[in-house]
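Beneath this line is the structure, given in structure tokens, with notes to follow.
The values are calculated or read from the model by the stated rules, or taken from the named source; none is laboratory data. Computed from a prediction, not measured in an experiment: that's the story for all the values here. Counting neighbours? That spans all protein chains shown, and the Cβs are built from the backbone with ideal geometry, glycine included. Quick note on the areas: whole protein, heavy atoms, side chains included, nothing else; ligands and nucleic acids left out. Shrake-Rupley method; radii C 1.70, N 1.55, O 1.52, S 1.80 Å.
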Amino acid sequence: MNLPNRNLLNRQTVPKSRGDGTSLSTFQRFHDSTHNAFTLIEIMVAIAIFSIVVASIYTTWTLVIRAAQSGENAAAQAQRERIAVRAIEDSLQCIQSFQASMAYYSFIVQNADSGEQPTFSYVSRVPAVFPRNGKFITGEHDFDVRRLTFTVESDKNDDQQKDLVLRQNPILMDMDADEQSYPLVLARNVKDFIVECWDTNQMEWVTEWDDTNSIPPIVRVTLSMGGDPSSTKAQMSVTREISIESSTVPSIVQTPRGQFGGGGGGPQFQVPGSAGGNPNGGNNQRGGNNNRGGNPGNFPGGPNRRGGGQ
């Protein structure tokens with residue numbers, strides 16, 4: 001019977017020494033080396049879990065950014081809407097109209113239902129705080145009486161988007177090229193702009209104002225704005241009813257003849273080149289202080305309209 005080699009047994013059972021003075025068998029060294037590293041499956045599982053966590057964080061952060069941007073856009077649109085309506089309201093409170101000069105003081109209302117571009121135009125003595133006042137009121141000139149024209153036009157950068165713009169020009173001057181090319185944008189992404197006037201004859205709201213010799217007593221303005229430029233649905237809308245305290249000045253008031261106020265003791269107006277207020281040089285016109293039994297300078301319904309001078 002052959003016995004195993006004694007040297008071989010000694011080589012397998014004798015532990016090898018380590019650098020620190022301890023010894024470790026071949027089996028122990030192999031066993032420890034297999035448990036000091038990760039397997040491929042463990043690495044893949046760890047990478048998958050890490051990817052899921054990163055994706056969740058990125059998705060949450062993206063939603064937060066989008067929500068913040070949506071909130072800022074909504075706040076900006078609401079602010080622009082308030083500024084636009086406030087500009088219309090303030091200017092309508094200071095509107096001016098003179099019957100003898102309707103070519104300059106015309107009141108224009110044009111809505112989209114007529115098939116044309118929505119337009120709202122009138123003359124106003126604008127208040128001290130009004131958009132672009134610095135352009136028209138300087139140390140050299142003060143053009144506070146201006147024609148204001150509100151229109152809805154296509155955006156220069158996006159044809160699908162409509163903007164509400166404002167153009168201004170002094171009452172006796174043409175609109176300059178800069179104002180025509182670069183109007184003031186009051187509101188963006190406008191879905192609808194409607195101007196209605198209260199007709200005292202029909203006792204209802206009308207979208208067209210044909211009475212060129214007067215201005216309506218009440219104006220209702222509706223401004224609708226949307227979030228998606230490609231959609232026709234409005235996201236927010238505001239309607240404001242504005243009472244106009246002014247009225248059209250009659251032609252007779254703009255054309256002083258003789259004495260304004262007559263026997264009532266009112267202020268005296270003189271026509272240039274006349275003596276005592278009479279273009280013919282006399283104090284009376286067609287005999288006496290009254291014209292055909294009344295004073296043409298009085299407002300309709302006032303004293304001395306059809307009576308004598310007393």
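Classified by the C-alpha gyration tensor, region 119-200 has an oblate form. Its axis ratio a/c, with a ≥ b ≥ c, is 1.5 or above, and a/b does not exceed b/c.
Peptides 52-58, 192-198, 167-173 ranked from most to least packed, by the mean per-residue count of other Cβ atoms within 10 Å: 192-198, 167-173, 52-58.
Amide H contacts under 5 Å for Val190: Lys162, Asp163, Leu164, restricted to partners 5 or more places along the chain or on a different chain, H placed in the peptide plane at 1.01 Å from N. For the pair Ser106 and Ala177, what calculated FRET efficiency results from E = 1/(1 + (r/R0)^6), where r is the Cβ-Cβ distance and R0 = 22 Å, to the nearest 0.05? After rounding, the FRET efficiency stands at 0.45. Averaged over its residues, region 131-193 has an accessible area of 52 Å² per residue, based on protein heavy atoms and a 1.4 Å probe.
In order along region 118-126, phi translates into HN-Hα couplings of x, 9, 9, 9, 6, 10, 8, 8, 5 Hz, rounded to whole numbers, per the Karplus curve 6.51 cos²θ - 1.76 cosθ + 1.60 with θ = phi - 60° and x for Gly and Pro.
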